[in-house]
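Worksheet: one structure, shown below.
Coordinate-derived values only; no laboratory data. This is a predicted model, so every value here is computed, not measured. Here the Cβ is made from the backbone with ideal geometry for all residues, glycine too, and neighbour counts use every protein chain on show.
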Amino acid sequence: MAECIVNFVLAKLADAVVQEALLLYGVDAKVEAVSRELGRIQAFLKDADKKQITDEQQKYWVKEVRDIAYSMEDVIDTFLMEVPQQPQKFNGVMEKMKRKFKIAKKGPDVHKLLDEISLIQTKLEEIEKSRLRYGINNLGEGGGEIQLPIRPLVLPNIDPEVIGFNKDQDYIVKELLNETTKKCYVVSIWGPGGLGKTTLAHKIYNSNNVKERFGLRIWVTISQNFQLIDILRKIMKQLDPSKQPEDQEALLTMIHESLRSNTYLIVFDDVWTNDLWIQIEAALPNDNNGSRILMTTRFSDVSKDADPTCEPYKLEYLTNELSFELLLKKALPNHDPNNSAFHGFSEIMNQFVHKCGGLPLALVVVGGLLSKKPCNYNAWSKVLKTMSWHADGKKCSEIIGTSYEDLPFALKSCFMYFAAFPKDHAIKAKELIQMWIAEGFISQEDNRTLEETAESFLEDLVQRSMIYVKSRSYDGSIEFCYIHDLLRDLAIQKAKEDKFLVVYSNPDDQRFMSGARRVAVHHLYCDELMLSQNLRTLLYFGDKYMPNCSKQRLLKVFHQDVMSVLEKLPCLKMLHLENAFTNRKLSCSAEGFNQLESLHLWDMTFEDWEIEDGAMPILTELEIYRCRKLCVPQGLRHLTDLQNLRWVYSRCGGKTDAEVMNLLKDVVPSNVQIHLR
C-alpha cells in the first residue's frame, strides 16, 4: 500500500498547476530531486508489496517511506495554501494556475519550504542506505516513472443472487406468520459471518407474505459497540422522521406508543450481545396481535437468550452442488456448459468449492476474483495456490484478503475508502465518486473524464464482488451501493494498518487519532475531537452538532450529517451538508471556499442562503437531494463554472418537472446541465 501512497504523491507533484506554482517561486528543482528519489524507491516498494513482507524490520522500512511521502504531501499542500488565491477567469495551463494562485509581494515562506524539502531529502538518503540492511531487493529498474492506474475491464454486472435459501426462507416465514400464538416473540437466525444471514433476512423482510401480514416493518442494523439512543433514533426515523426527541426516555415512550395497536415486524440485524434485549424491551409492546421480532446473529447464546421459548434457526453451509452453482454464476457468467473447453475447469472449480467451505460470501468473492483473470487453467491455478489457511474460522478472511491483494493499486485506495461509512450504510455513488476525485485517487486518462474513470473503478469493484449494488439509475449507472460487513472489516483493518483512515466509533479509538489524515466519526457526539492539523478528510455521521474544524485548513473532503456554521476552509474540494430533518437553515460562509468543486446538500432549506458574486468560483457539481420544498438558493447564476445541477425529488411544492425545469433555467447559467429525479 505504501507504493500507492508514493504514487499518489508523485502524481500530485507532476500536476501541471502545481509545477507552475513551484516554478514561479523557484523551488521546482528541489521538488524534482525529491520526486526522482521517491520514484526510485517505488521499485523497491513493488518488491516489498509482492512478497507480502512479514519481517518487522522490513515493515518498518516501508512505514518510513510512507511517512516521508505523507510529509512531502503536507509540505506541498501547505505551500499551495499560502500562495494568495485569485478567483479570476483564465484559459490554458498557465492561466489555470494563475486562476488559483496569485503572485504577490507577500507569498509563502520559500526559505522555510526549502529547509523542509532539504530535511526530507536527508531522510530519503538515510532510507536508501537502510534498504539493503533490511533485505529489500529490487525486482527491476523502476526509474522515476509514475505508474498509472490500471484501467479496469468493466464486464456486465451480476448482482449477488441467493442460491439454496428457499427452504430456509419458507421455514422462517412460516414461523413469523404462525397463528397458533398471538404473543410477540423473537425468531432468530444464527451462523458464522459470510453465511448469508442478512441476505436471507432481506428476502424475508421483502417477501409478499410478510408485507401483507405486518402493518409496520422496521429494519435496524446493530453495530458491535451500539448505543441504545442510536438504535431508538433509527427506529423512530422509520416510524415518524419529524419526531426526534433528544431524551432517551422520551424516545422509548414515543416508540412504544407508535407501535401499540399495530402489527409490526422489527428486524435487528447482526446482534452481538445480550445487552440489546435488556435495554430495548421497554420500547416493544406486546399487544398479543401477532407482532414479531426477527434477529440475525453470529452467536447461538445470543439467539437463545433473546427468546428461550423459540428455537433459534441455524443457517447451514451451502452443499457442494449449490456452492459449485454459485461459483460458476460469478466466475463464468456467460459460460456454455456444453462447450468441451468448460469441462477442463470442473476439477479446479471443485477445488475452489472445497476451499470456500460452503460460505456464500467466500464463493461470491472468489468468483468475482476469477472473473477478472484470463479464462485458462494456469491463471486459475495461480490464484488457488495463494489461498491457504489453517482454521475454519479464517476461511472467509483469507479469501477476501487474497482478493484485496489482487486489486490494482489505484483500486486499493478506493476500496479502503469504504471503511469510512457506517455499517449497512447506503452509499450514494455520485458523492463517493466526487470524494475519490477530491482525494486525488483518480488519474486523468485519455478520452475519459475523471468521473467516467471513477465510475469504471466502482463497476470493477462490483464485478469483483468487493462492493454490491443497492440500486441503479434509469441510465444503468450505480445510484446506491453498499459493502458486506466482513469486507468492511477488511477495509477498516487495512486502512488502520496503512494509516490511511481512522474509524472513530467508540471512545477507545481516540488513541489512533494522532496524525490521522482521514477520520470517520460514527454516531458519537465529540465535544473535543483531537484532530490532526494535517487532516485531509473528515466524514461525520451523527446527529449532534459537529465540533469546530477551523484548524484543519488542509481539509479537502468534509461530510457532515448535521448542519452547522462553517469556517473558511481554503483547500476544501468536496462538501456534503445535511439538515437532518431539523429546522436549521443553510448558513455557510461560501465566499471562503474558493477551491470547492463539488457540493451536495440533503434535506435543506434555502431561505437565508444567497450566493454572492465571486463565491465558489470553480464549483462544477451541485446536487440538491431530497429537498422538502421548492425554494431555490439566490444567486445560482453567479456559479459560472457550474456544469451539472442535480435536483433529486423535484416534485416539491406541488410543481411538475416541467415547472421546476423552467424555474431553474431562469436562475442558472445557460451551459449548465440540469438533471431532475
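With Cα atoms defining each centre, the stretch 267-288 and the stretch 1-32 are spaced 55 Å apart in the structure.
Each peptide in 494-503, 248-257 gets a packing score, the mean of other Cβ atoms within 10 Å over its residues, and the list from highest to lowest is 494-503, 248-257. What would the Debye formula give as log10 I(q)/I(0) at q = 0.26, 0.27 Å⁻¹ for the alpha-carbon point model of the stretch 409-482, no solvent? These q points yield log10 I(q)/I(0) values of -1.42, -1.51. Residue pairs exceeding 18 angstrom between C-alpha atoms, taken from LYS59/LYS499; LYS197/LYS237; LYS12/LYS556; LYS63/LYS123: LYS197/LYS237.
Of SER261, SER670, the sequence from fewest to most neighbouring Cβ atoms within 10 angstrom is SER670, SER261.
When the Cα atoms of the stretch 166-314 are aligned to their principal axes, the ranges along those axes come out at 42, 32, 25 Å in descending order.
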